Every structure is written in structure tokens, then in C-alpha cells.
Amino acid sequence: MSKRKLGQSTTLVEGGRRKEWRGRLVNVPVERASTVLFESVNEIHGSRPALGSYRYGLQGTATHWALSEALTSLEPGAAGTVLYPTGLAAITTPLLTLLSPGDELLVPDNVYGPTRKFCETILKRLKIATRYYDPLVAADIAGVIGETTRVILLESPGSLTMEVQDVPAICAVARERGIATVLDNTWATPLLFPALAAGVDISVLAATKYVGGHADVMLGAATATAAYYQRLQTATWDMGFAVSPDDAWLGSRGLRTMAVRLKQHEESALKVANWLKARSDVGLVLHPALPDCPGHEVWKRDFKGSSGLFSFELKAADKATRAKFVDSLTLFGIGYSWGGYESLALPVDPVRTVSKAPAPNLVRLHIGLEDADDLIADLESAFDQAGR
Ligand SMILES: Cc1ncc(COP(=O)(O)O)c(C=O)c1O
């Protein structure tokens with residue numbers, strides 16, 4: 001075949017499926033191992049921890065390397081991908097790797113709740129300061145950066161309120177100042193937002209969501225540039241993190257269909273979001289592809305599409321009415337996480353330190369792979385029941 005660059009869907013299918021790892025099978029199989037046997041003392045003493053080389057279970061087997069390589073191939077500019085047992089660990093480990101006592105971390109004010117908690121408990125105990133910034137700050141981050149700032153965390157769109165950050169502008173300032181950037185790119189995945197090409201140093205996925213895609217696995221991944229990859233991989237091994245081969249295998253299995261699933265999530269979520277937008281009992285619809293969403297213009301400029309997660313405001317409703325609305329849904333489950341084939345609904349109350357949330361009294365929806373018309377009928381019936 002000619003040397004033309006492969007499309008993203010082909011890369012999703014081909015990535016990590018090396019013949020030497022899968023043999024004659026289509027998929028790289030589940031390889032379970034703690035101990036790896038060496039031929040001689042000389043060989044074991046000469047072995048070094050490295051991805052792609054059998055050494056000890058901690059460094060993984062072909063099952064892990066296949067997923068890691070597939071994720072790396074999706075991010076132009078990436079040197080490698082480190083796997084984690086959860087998405088949260090894929091956020092906290094880069095922070096622990098890059099920060100030391102006395103350093104400061106900048107965190108967007110709409111950050112995923114457990115990330116906020118990690119900063120306020122474990123980082124605080126390690127004497128690493130966290131300062132929150134308005135997620136819409138863009139190039140003005142230059143004025144927020146302090147003497148001791150070493151890392152800027154980004155999350156775009158942000159948890160619950162979906163603000164889209166000007167990632168290229170923030171990362172350009174950070175790189176100029178020698179500050180590392182870590183982006184939680186879970187909503188878009190590299191398919192909709194290739195983060196390293198936008199200037200990010202470490203791009204994180206809670207692979208529990210769209211990579212897994214079936215609400216049956218906890219998994220995280222951090223894809224990094226050459227300046228950070230080896231340091232992050234070594235620190236992760238030093239901290240002892242390993243992913244079960246079954247979970248890595250589920251990640252690879254989900255990944256192969258991620259592009260087609262995302263297209264359907266996008267189409268159905270837009271249909272539901274536009275339907276909500278037309279209702280008089282709905283206030284803001286915080287979907288990055290709709291103009292109500294702060295940062296919508298940035299989304300139009302930078303993203304290749306949208307996924308299935310967004311929030312909306314229930315106008316003139318108290319918390320009890322909102323709970324009644326969510327409880328009345330039958331096709332939407334009530335639960336944490338998102339990115340699976342199933343639809344979910346959750347009442348959410350944004351927590352803020354330095355900025356104001358676009359709206360209170362939000363409901364967050366994940367639009368799954370059901371027929372969008374059925375989901376709309378379910379929502380309509382819940383509005384009726386909540387209004388009674
Ligand atoms: C934006 C975001 N980042 C990270 C995570 C953490 O992922 P995990 O649940 O795999 O730890 C979540 C989980 O809901 C999330 O919504």
C-alpha cells in the first residue's frame with residue numbers, strides 16, 4: 001500500500017494489532033502473567049523495564065501493549081500511552097509525577113469533582129497548592145500563572161457545565177513559560193479533539209467511558225509527548241500501578257468500534273438537545289455544539305464533532321421537582337459515569353470557587369445508543385409527571 005496517512009477509523013481498527021502479538025488471531029489475546037521466565041541469569045540481569053518487552057507483570061504483556069499502542073496511534077505527536085486502573089488514576093498520577101512540595105497547580109473551576117477532592121486532600125497534604133481558574137480564561141491564563149506554578153490542568157468541556165476551554169491558547173502560554181499541561185480529554189477522545197497537536201503535553205482519557213463503551217470496565221490512559229512519556233511511565237511503575245489484562249483487553253475491544261459509536265452518540269444527543277432547547281420549561285442547554293454553551297465558538301473552531309454528554313437547566317424547578325423528573329425516566333438509568341451504550345440522567349449541582357456556574361439546577365444526560373425518539377418520549381413523559 002502507498003504511504004498515504006490512514007484515516008482515524010482505520011487507525012482504530014489497525015492500532016496495536018501487531019502480528020507478533022496476535023499471531024494468527026484477529027485480536028491480541030488476554031495474556032495473564034505475574035512472573036516471566038528468563039533463559040539465564042545473564043538475561044534477567046540484562047532486562048530493563050520497557051513497554052513491548054516481557055519482564056514482569058507490572059510492565060504488562062502484549063494485551064496491555066496493544067491497547068497502549070492503539071491509543072498512541074490516535075494522537076499525532078504522541079510518544080506513548082500509560083495505562084491506569086481508572087480514569088481518576090490517569091489524572092492523579094501525572095500530577096504526582098510532575099509536582100513537588102512548594103509547587104502550585106492551576107485547576108479549572110469546573111473540574112471533575114473527584115479531581116478537585118484529590119487536590120484538596122492528598123496534594124494539600126504534600127504541600128502542593130491548588131489555585132482554581134475560570135475555565136474560560138484563554139490566553140489570560142498568563143495573568144493567573146504565579147511564581148511557583150508548575151502544572152496547568154485542563155478539562156474541556158468541563159464536568160457538569162460543559163464550558164469549552166481555549167486549549168491551544170492556554171497551552172501556548174504554558175509552553176512558553178516551561179509549565180506542563182495535562183488535559184482531561186474524556187468527552188472528546190482524540191477522535192474529536194487530537195489534544196497533543198493542540199499543544200497539550202499529557203492527554204488523559206477516562207477509558208472507562210467511550211473507549212470501553214459498555215459500562216463494564218474501569219480503565220484510564222495518559223498519552224504524552226516525548227518530553228513527558230518516559231518520566232510518566234517510569235513513575236507509574238515506581239508507584240506500582242498495573243491494569244488487569246482482562247480490562248486492557250476490554251479496552252481494546254471497545255476501542256475498535258469507538259468511531260461508529262461516537263457518531264451515533266453525537267447524532268442522538270444533538271436531536272435530544274435541540275428538542276429540549278425548544279421547550280419553555282427548559283433554560284440553558286449546555287451542549288458544546290449549541291450556542292448556549294460557554295465556549296461554543298471555541299468548540300466550532302477546534303473540535304471535529306460532539307459526543308453524547310451534556311447538561312440542561314430545569315427552569316423554575318426546585319430540587320424535589322428535579323428529583324421527581326429524573327425518577328420518572330424509565331429509559332435513562334440513574335448512576336455515575338457515562339460513555340456506555342446506555343442513557344443516563346443525573347441531577348447535578350456545580351461546585352465553584354472563583355467563577356460562577358452558567359446555571360443552577362442542572363440535569364446531566366448521557367445519550368446512549370437507544371432510538372433518540374424513544375428517549376425524547378421518555379423525557380416528555382417525565383416532564384409531564386414532574387409538572388403534576
Ligand atoms: C470528566 C471525567 N474525568 C475523569 C473521570 C474518572 O474516570 P473513572 O471513573 O474511570 O475513574 C470521570 C468519571 O466520571 C469523568 O467524568
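The values are calculated or read from the model by the stated rules, or taken from the named source; none is laboratory data. Everything quoted here is computed from the prediction, not taken from an experiment. Every residue, glycine as well, gets a Cβ built from its backbone with ideal geometry; the counts of neighbours run over all protein chains shown. These accessible areas exclude ligands, DNA and RNA; they are computed on the full protein's heavy atoms, side chains included. Shrake-Rupley method; radii C 1.70, N 1.55, O 1.52, S 1.80 Å.
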Discussion item. Condition (residue is crowded, with 21+ Cβ neighbours inside 10 Å, in contact (Cβ under 8 Å) with a residue 40 or more places away in the chain, under 14 Å from TYR84 (Cβ atoms) and more than 16 Å from the ligand (Cβ to nearest atom)) applied to segment 189-205: is it met by at least one residue?
Written reply: no
Discussion item. Just to be sure I understand, how many residues within segment 116-133 are open to solvent by 70 Å² or more (accessible area, probe 1.4 Å) and under 23 Å from ALA169 (Cα atoms)?
Written reply: 1
Practice prompt. Considering each residue of segment 26-49, count those that are open to solvent by 40 Å² or more (accessible area, probe 1.4 Å) and more than 23 Å from LEU12 (Cα to Cα), and give that number.
Written response: 16
Worksheet entry | Residues (small (Gly, Ala, Ser) and either surrounded by fewer than 24 Cβ atoms within 10 Å (Cβ to Cβ) or more than 14 Å from the ligand (Cβ to nearest atom) (or both)) located in segment 72-88 | SER73, GLY77, ALA78, ALA79, GLY80
Response to the item:
Filtering segment 139-183 for residues that are within 16 Å of the ligand (Cβ to nearest atom) and open to solvent by 20 Å² or more (accessible area, probe 1.4 Å) leaves a count of 2
Worksheet item: Between a first residue in segment 280-298 that is more than 11 Å from PRO358 (Cβ to Cβ) and touching a residue at least 40 places away in the same chain (Cβ under 8 Å) and a second residue that is open to solvent by less than 20 Å² (accessible area, probe 1.4 Å) and assigned to a loop (DSSP other than H, G, I, E, B), which pairs have beta carbons less than 6 Å apart while being 6 or more apart in sequence or on different chains?
Response: HIS287/CYS293; PRO288/PRO157; PRO288/MET162; PRO288/VAL164; PRO288/SER306; VAL298/VAL164
Fill in: Conditions (1) within 18 Å of the chain's Cα centre (by Cα); (2) in contact (Cβ under 8 Å) with a residue 12 or more places away in the chain; (3) not in a strand (DSSP E or B): number failed by LEU369
(1)
Worksheet, complete the sentence: Of the listed residues (GLY102, GLY113), the one being of a type outside the set (D, E, K, R), more than 20 Å from the chain's Cα centre (by Cα) and open to solvent by 10 Å² or more (accessible area, probe 1.4 Å) is GLY102
Worksheet item: Of all residues in segment 310-348, how many are open to solvent by less than 30 Å² (accessible area, probe 1.4 Å), away from the ligand (no atom under 16 Å from the Cβ) and part of a strand (DSSP E or B)?
Response: 2
Item to complete: Would you mind telling me which numbered condition in (1) within 16 Å of the ligand (Cβ to nearest atom); (2) part of a strand (DSSP E or B); (3) open to solvent by 10 Å² or more (accessible area, probe 1.4 Å) LEU284 fails?
Response: (1)
